[in-house]
Amino acid sequence: MKVKIQNAIVLTTACLPSIIYITWLAAYYWLLEAGRYKAFLQPKLWPLLILALILLLLFIAALITQFSRKSGHVLKFERWLQAAILFVPVLFLWAIYGQSLGTHALAKRALDTGQPFPISGTGPQRSFPTTDGKTSSLLELIKNAEQFNGKRVAAEGMVYRGGHSDRNRFRLFRFVIVCCAADALPLVILVKSKIAEKFDNDDWVRVEGIFSFETVNSRQVSSIAADSVRPIPAPPPEKRYLFF
């Protein structure tokens, strides 16, 4: 019995490179399927995934050359330690998928959560003659704030209540990515509604109302006087961020 167990361990040790290779390729395919990589990376940077695949193949080739059937008969602890280290990134990837940035990250990354990220006026200005019934991203609303002023808009995002006592207000926010989730920045718009108190932090909602500007703490901020605020299901992780 002891010999059989030892032989099984020896065989498994010899197969470790193949197991690692298959696991990493499966993780790579999983990221590409349905665009899951967009939960971590700006879609415009997709060529980096090709480079990652090339590096993966080269790395695995180098790893395999270190193993042989003969060396597999030597039960060395470092073989399993190396394999365990290489499995960590895959396990971490699957563990964090779906855990997108929320109010905790907003409070940490925004210098002042009462002030939208100051990008208004950047980029080309466009005209939006009618917005009724059309959902606009928070990035569109803030980049082209003057074009939307006084018009009816619809936007979707998460709720941030902060420590304010006014239950008829909350901040609608989403994160925008330049490169990857590590550099995500919050976009925030103030929402005023009689039913605002029904919603809690991190709830996903669709807001419809009149877009305007308001002065808060001596600063001009974008706001929506909402006549409709309704809960919506959280989007898939790869669709929760906005992209420049």
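Values quoted throughout were computed directly from the atomic coordinates according to the rules given, and no laboratory measurement underlies them. Since we're looking at a predicted model, the values are computed, not measured. FYI the Cβ positions are ideal-geometry reconstructions off the backbone, even for glycines, and counts take in every protein chain you see.
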**OP:** Pop the C-beta distance of residue 28 and residue 198 into the FRET formula with R0 = 45 Å and round what comes out to the nearest 0.05.
**Re:** 0.60
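Can you put 178, 229, 221 in order of Cβ neighbours within 10 angstrom, beginning with the fewest? Please report the intermediate quantities before stating the final value.
Numbers: 178 12, 229 23, 221 19.
With the sparsest Cβ surroundings first, the list reads 178, 221, 229.
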Subject >> For segment 41-52, Karplus couplings with θ = phi - 60° (6.51, -1.76, 1.60), whole Hz, Gly/Pro x >> reply: 9, 4, x, 5, 9, 4, x, 5, 5, 5, 4, 4
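Taking 0.36 nm per residue of separation and subtracting the Cα-Cα distance, what length does fully extending residue 243 through residue 4 add? All intermediate terms of the calculation are to be shown ahead of the outcome.
Numbers: separation 239, 0.36 × 239 = 86.04 nm, distance 5.52 nm.
Contour length minus the Cα-Cα distance gives 80.5 nm.
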Original post:
What percentage of all Cα-Cα pairs in segment 2-96 are separated by more than 19 Å?
Top reply: 49
**OP:** Rank the residues 173, 87, 40, 199 as a footprinting-exposure proxy: fewest other Cβ atoms within 10 Å of their Cβ go first.
**Re:** 87, 40, 199, 173
Original post:
With labels modelled as points extended 7 Å from the Cα through the Cβ direction, what inter-label distance (nm, one decimal) is found for residue 219 paired with residue 99?
Top reply: 2.9
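At a 10 Å Cβ-Cβ cut-off, how would you order 187, 45, fewest neighbours first?
Details: 187 25, 45 14.
Ordered from fewest to most neighbouring Cβ atoms within 10 Å, 187, 45 come out as 45, 187.
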